[in-house]
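The values are calculated or read from the model by the stated rules, or taken from the named source; none is laboratory data. Predicted model, so just to flag it, every value in this text is computed and none were measured. Positions of Cβ are generated from backbone atoms using ideal geometry, with glycine treated the same way; all protein chains shown enter the neighbour counts. Heavy atoms of the whole protein, side chains included, go into the accessibility calculation; ligands, DNA and RNA do not. Shrake-Rupley method; radii C 1.70, N 1.55, O 1.52, S 1.80 Å.
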Amino acid sequence: MRTVFSVHYPTPTPTAQDAAAAHYQRLIKVRGGGAVHIAGTFPDKNTPEGQPGPSFTLYEDVAGQRPICSVAARTAGAHTGAGTALAVTGPDGIELGVLRLPARGSGGRRRYEVELPDGTSLVGRSGTISAWILYVLLSPLLLIYNVASLVGGYGRPDWHLPSRTAWRPRGGLGPAPLKFFGMTDKYKARTSHLDLRVAYAQAVLHEWDE
């Protein structure tokens, strides 16, 4: 089974739930399912390494009464940096997985790691090989479009490197339990290969880090 979802910043709406939803920092919209609400601490990603890392909880209800998992540094007081380990734990305290952050401000293809309790290690690199091939093929058209926009005064050039990411078992073989599609900003998780709660947690961190 596959679940498609996306991560957003909550948008205030004139409803009775506004007061309850005001303290949430992120919102996961699930295709064909209910929303997941995220509350916690997200440090400024543009500052240098060395500050406390992200810490947050995911809830399946807007009232915040039904948590599905929490994400926090494995070591109390840990700071952001390459390889920072963040544990994903269920409401019962059982560890569901460990997420590792890439180096902040590093160039090239950013590397995201997910370690599962059964010993499986998933690795996702920003920009898949197929996405880069398509990017190279279309780059002449993108160049023409950006030059025309600049000359015509339609705005600043819009040039983004490939961001599609596929989390695969270490070694790159087998289907990807989690994928991010940069063109649509959507994630697709194979729930038979990855706990959906871990997929949600990784997506929130990935969105924050991007």
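Here are the numbers for the structure shown:
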item	result
Residue in the stretch 83-90 that is in a loop (DSSP other than H, G, I, E, B), at pLDDT 60 or above and more than 24 Å from VAL4 (Cβ to Cβ) present	yes
Close pairs from the stretch 187-206: first part of a loop (DSSP other than H, G, I, E, B), partner of a type in the set (Val, Ile, Thr), Cβ under 6 Å, at least 6 apart	THR191/THR3
Enumeration of residues in the stretch 150-163 that are open to solvent by 50 Å² or more (accessible area, probe 1.4 Å) and either hydroxyl-bearing (Ser, Thr, Tyr) or modelled with pLDDT of 85 or more (or both)	TYR154
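A quick yes/no check of all residues on (1) in contact with a Pro (Cβ under 8 Å, 6 or more places away or on another chain); (2) open to solvent by less than 20 Å² (accessible area, probe 1.4 Å); (3) at pLDDT below 90:
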position: GLU95; (1), (2), (3): yes, no, no
position: ARG100; (1), (2), (3): no, no, no
position: ALA103; (1), (2), (3): no, no, yes
position: GLY108; (1), (2), (3): no, no, yes
position: LEU116; (1), (2), (3): no, no, no
position: GLY124; (1), (2), (3): no, yes, no
position: TYR135; (1), (2), (3): yes, no, yes
